[in-house]
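Data first, discussion second: the structure below is written as structure tokens.
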Amino acid sequence: MTERGPLTAVSPLDGRYARYTEPLVPYASERALMRARVQVEVEYLLALADLDATPLTIGAEQRTTLRALYEEFNDEDANVVKQLETEGYGEYSATNHDVKAIEYFVRLGMPDGLDADHWIHFGLTSEDVNNLAHRLLVKPAVTDVLVPELREIRDTLVEMAHSYGDVPMLARTHGQPATPTTFGKEMAVYASRLGKAIGRIERAAEDLSGKLAGASGTYAAHHAAYPDVDWPAFSRAFVADLGLDHEPLTTQVNPCDDLQTVFDALRGANNVLLDMDLDMWLYVSDRYLGQEAVEGETGSSTMPHKVNPIDFENSEGNLSKANSDLTFLGDYVTSSRLQRDLSDSTVKRNIGAAFAHCLVGYSKCQNGLAKVVPNEQVMRTELAETPEIIGEAVQTILRREGFADAYEQVKKATRGQQVTMADFQAMIDDLDVSEAVRAELSALTPTGYTGIAEQLADDA
């Protein structure tokens, strides 16, 4: 059998892009899910011991030993869990059940002198463990891996906004020449949009909620064993101690509306970057942006001169794939047949893959931004060759001076025609205006007609 590795990986996320997705391994791998499940089972056992109603007592050293089961969880431990599930291990036969394998793993790690095997997973259904474990992974994956990458992109955009706020550039609306802007101001727009998107992601991650209420969300087993315990209060405190909000009303399944909100927030940020990727690609195509050539890199297998905008293209592809996955995940995990069906279990295992496509997209976007430099001469030349764009300024100033047909006058002189600055000057010379207004109109230039774009860029 061929040895498995990056070159034999079924998914490019674990193959070609493995170096980019490595930061997600602690949160998106099966080993990570195993560790999180162990954490939930151990902390639940300790919480039961803290209940006055139970006869379970766990000492300080025993608690340290139990917590080490997840705090020091390693590859060897993960292999034991997998054997418990698929082959059997020691006295235990194969469970063919991933959560039951976790229960047996905790039993194997029980401290000496602690007779508590029967308290592990007491009254729980697998979904009580799984929904909490998934959120213990999703939250840091988003806040500690994805958001910092997005913030780095935003910081780069802010720096570009400030550096190039005074570089004039022809704008295009409907693909046609329009009122000039500056390159820095356009980068400021994306910085602002991305900053707001990051805020939405952080709020969504902070609002992740978990449930612990048994097989149908009624605390039935818990209540049957200890009817005098306030189990909703116990659940609320336990979930809060894990750093999550409490979801009080559920079936067996956490409704997952909170996860959908996270996925939608990520899609929002991705859409901002997709919009930017497309614009940057067009700016490169129009030669508004130059790209730094990487020594030894091949742009085309047949055209040696080419320096392609491959990072923006790669970012576009990965973010589009991520958004497709995130849309599917959000739609799927929020529904379940009656009180529970298992189809969402395999779907949720793909959350990490969606996050990984996000991460690759962010990395490639950042790489692309690091390579581009505004070609100010090209931008100024094109502005100079498109003098008709000052027509807006001319007709607006004339409106201010009381010309009711100002728009029509300028339209007649410019629309659909090759116009020069000399043509504008001839029109201005024929106007019945004061010399001060004539001077004001004569001073208009395409490169200078950028409004307060530089100020707006500085505000990014």
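What the table shows:
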| read-out | value |
| --- | --- |
| Qualifying residue in the stretch 11-25 (condition: open to solvent by less than 30 Å² (accessible area, probe 1.4 Å), at pLDDT 95 or above and aliphatic (A, V, I, L, M)) | yes |
| Tally of residues being open to solvent by 30 Å² or more (accessible area, probe 1.4 Å) and either of a type in the set (D, E, K, R) or under 11 Å from N131 (Cα atoms) (or both) across the stretch 240-263 | 6 |
| Selection status of G361, open to solvent by less than 70 Å² (accessible area, probe 1.4 Å), within 46 Å of the chain's Cα centre (by Cα) and modelled with pLDDT of 95 or more | yes |
| Residue list for the stretch 424-457, filter: open to solvent by less than 80 Å² (accessible area, probe 1.4 Å) and among the acidic types (D, E) | E440 |
| Of all residues in the stretch 207-236 being assigned to a helix (DSSP H, G or I) and in contact (Cβ under 8 Å) with a residue 60 or more places away in the chain, the one that is farthest from L48 (Cα to Cα) | A221 |
| Of all residues in the stretch 392-402 being open to solvent by 30 Å² or more (accessible area, probe 1.4 Å) and in contact (Cβ under 8 Å) with a residue 24 or more places away in the chain, the one that is farthest from the chain's Cα centre (by Cα) | E401 |
| Some residue of the stretch 29-52 being surrounded by 17 or more Cβ atoms within 10 Å (Cβ to Cβ) and either in a loop (DSSP other than H, G, I, E, B) or at positive phi (or both) | no |
| Cβ-Cβ under 6 Å pairs, at least 6 apart or on other chains, the stretch 139-162 side surrounded by 21 or more Cβ atoms within 10 Å (Cβ to Cβ), far side of a type in the set (D, E, K, R) | none |
| The stretch 326-346, subset at pLDDT below 90 and assigned to a helix (DSSP H, G or I), residue most open to solvent (accessible area, probe 1.4 Å) | T346 |
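For (1) under 24 Å from the mean Cα position of the chain (by Cα); (2) not hydroxyl-bearing (S, T, Y), each residue gets a yes or a no:
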| position | (1), (2) |
| --- | --- |
| S192 | yes, no |
| A197 | yes, yes |
| L208 | yes, yes |
| D241 | no, yes |
| P255 | yes, yes |
| D275 | yes, yes |
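The values are calculated or read from the model by the stated rules, or taken from the named source; none is laboratory data. This one's a predicted model, so the numbers in the text were calculated from it and none came from an experiment. Here Cβ is always computed from backbone atoms with ideal geometry, including for glycine, and neighbour counts include all displayed protein chains. The area values use the complete protein model at the heavy-atom level, side chains included, leaving out ligands, DNA and RNA. Shrake-Rupley method; radii C 1.70, N 1.55, O 1.52, S 1.80 Å.
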